[in-house]
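The values are calculated or read from the model by the stated rules, or taken from the named source; none is laboratory data. Owing to the predicted nature of the structure, the values given are computational and were not obtained by experimental measurement. For neighbour counting, all protein chains shown are included, and Cβ atoms are generated from backbone atoms with ideal geometry for every residue, glycine included.
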Amino acid sequence: MRKTLAVLAVAFVAAAIPDAHPLTISAWPEKVEGQPPAPAAVIVLKPARVFDGETMHEGWAVRVKGERIDAVGSLDGVTAPGARVIDLPGTTLTPGLVEGHSHVLLHAYNEASWTDQVSREGLALRVARATNHLRATLLAGFTTIRDLGTEGAQYADVELKQAVNQGLIPGPRILASTKAIVATGSYQPKFVAEWNVPQGAEEADGIDSLTRVVRDQIGKGADWIKMYADYRWGPMPGSRPTFSVEELKLAVETAKSAGVPVAVHANTAEGMRRATLAGVETIEHGGEGTLEIFKLMAEHHVALCPTITAGAGPWPPANPSSPAALRKRESFKAALDAGVTIINGSDVGTFPHGDNARELEAMVSYGMQPTAALKSATSVAGRVLHMENQIGRVKQGLFADLAAFDGDPTREIGALRRVKFVMKAGTVYRQ
Ligand SMILES: [Zn+2]
């Protein structure tokens, strides 16, 4: 009992000081040798309404026990004697949001270009920044991220994930992908042609090296394999396809046999087509996707991670009718028309961490219904990430990863900016 009180006390302190974090919570021993485990803390959350990942329920409450959701429904059925009650008046409680495409080891490009970050900022400096990025992400209500490439920072994503899991630093759940994989010569940084410098991703080609590199990255801790099916290859502008369908297929099969899914960067229609036929699970960006390509993706159950707001610029863009903005708007509309599954993902890192909600605002301003946008960051994201039994819904048995926002984001998506409460695995990080 004393232990439970201590845990609660630490949680209260952490909630009161925005920058503090419950250092000892996750590190607290689950079970002390020779003693029965301490009873899990019980918390009842009372928002105005609950968006459970699928639909809205007015007047619902949620009971949390330990790190899981214990009960959901009308207040009468959820109340428990002795529970700590947290009132969240005027708010909508949602599943913790999912960021499907982040780079926690990058910071905004208007602070330093990608090339300068990769070639002039050391590993420890980048990791130090990343710890701030992870905290900002969590406090913005994003409790899970899929981090798609360290961009030259080696395997630091896996070690940051360990630091979060061990309770050393606050942060969301991290799905790591380590270095990402590119075809030889297709990536960056590029200086004069005579200088062969280390690249921001790992090069591999053909049967031998692709098999080896996929397996090696899994061995180093990749939860997802990230590949580039096209890129701005060579000194001339414009993207072109890189890997063949056969190469992508081989990588997908190698990863799949280890239970690891593949995410592919593709902006060209041809890169998207090859990735889809190869059986990848998500396509990132999809900027030049056509109705035909998106229909092919839907048919093959490939999800789109649109990253509408990727880049250093502000959102909404200063010039919404620039050719690039119009093209992206048109391709996103084609994706909606084709009924392709959409997982929320922004490419955050190109812009400041913690500003992740701008992607949801962008999807809505480009024609997606607010409820659908919210699902793409909760229940749909949970399914796409193969974590539907852990995250993405407010449902008994799932992790108590929850956020509350002032207002109703299914009516006004901008409510996601007004974060009132964040909990991950039953621990309060913001209140
Ligand atoms: Zn990216």
Here the residues within the range 308-325 that are polar (S, T, N, Q) and in contact (Cβ under 8 Å) with a residue 24 or more places away in the chain are Thr309
If you check Gly287 against the conditions, is it farther than 27 Å from Glu99 by Cα, in a loop (DSSP other than H, G, I, E, B) and among the small types (Gly, Ala, Ser)?
no
Spot the failing condition for Val64; the list is (1) farther than 21 Å from Ala222 by Cβ; (2) in the same structural domain as Pro198 (by TED's automatic domain parsing); (3) more than 16 Å from the ligand (Cβ to nearest atom); (4) not small (Gly, Ala, Ser), and only one is missed.
(2)
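Rundown of residues vs (1) among the aliphatic types (A, V, I, L, M); (2) away from the ligand (no atom under 16 Å from the Cβ), yes/no style:
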{"site": "Pro316", "(1), (2)": "no, yes"}
{"site": "Pro320", "(1), (2)": "no, yes"}
{"site": "Gly345", "(1), (2)": "no, no"}
{"site": "Leu360", "(1), (2)": "yes, yes"}
Taking the range 102-126 as the search range and keeping residues that are among the hydrophobic types (A, V, I, L, M, F, W, C) and surrounded by 19 or more Cβ atoms within 10 Å (Cβ to Cβ), which one is farthest from the ligand (Cβ to nearest atom)?
Val118
Within the range 402-418, identify whether any single residue is in the same structural domain as Ala140 (by TED's automatic domain parsing), outside any helix (DSSP H, G or I), away from the ligand (no atom under 16 Å from the Cβ) and at negative phi, and answer yes or no.
no
Out of the range 282-314, which residues are crowded, with 24+ Cβ neighbours inside 10 Å, away from the ligand (no atom under 16 Å from the Cβ) and not β-branched (Val, Ile, Thr)?
Gly289, Phe294, Met297
What do you reckon, is Gly414 modelled with pLDDT of 95 or more, under 26 Å from Val42 (Cα atoms) and small (Gly, Ala, Ser)?
no
Please go through the range 254-273 and pick out each residue that is in contact (Cβ under 8 Å) with a residue 40 or more places away in the chain and out of contact with any Lys or Arg (no Cβ under 9 Å at 6 or more places or on another chain).
Val260, Pro261, Met272
Between a residue in the range 123-141 that is touching a residue at least 12 places away in the same chain (Cβ under 8 Å) and any residue that is of a type in the set (Asp, Glu), which pairs come within a Cβ distance under 6 Å, given they are 6 or more apart or on different chains?
none
Test: residue in the range 86-93 that is within 22 Å of the chain's Cα centre (by Cα), surrounded by 14 or more Cβ atoms within 10 Å (Cβ to Cβ) and not in a loop (DSSP other than H, G, I, E, B):
yes
Return yes or no: is Ala156 within 16 Å of the ligand (Cβ to nearest atom), surrounded by 17 or more Cβ atoms within 10 Å (Cβ to Cβ) and not assigned by TED's automatic domain parsing to the domain that holds Gly53?
yes
Hey, Thr211 in the same structural domain as Thr378 (by TED's automatic domain parsing), more than 24 Å from the chain's Cα centre (by Cα) and either farther than 29 Å from Gly287 by Cα or part of a helix (DSSP H, G or I) (or both) or not:
yes
Which count do you get for residues in the range 259-276 that are within 16 Å of the ligand (Cβ to nearest atom) and either part of a strand (DSSP E or B) or touching a His at 6+ places or on another chain (Cβ under 6 Å) (or both)?
6
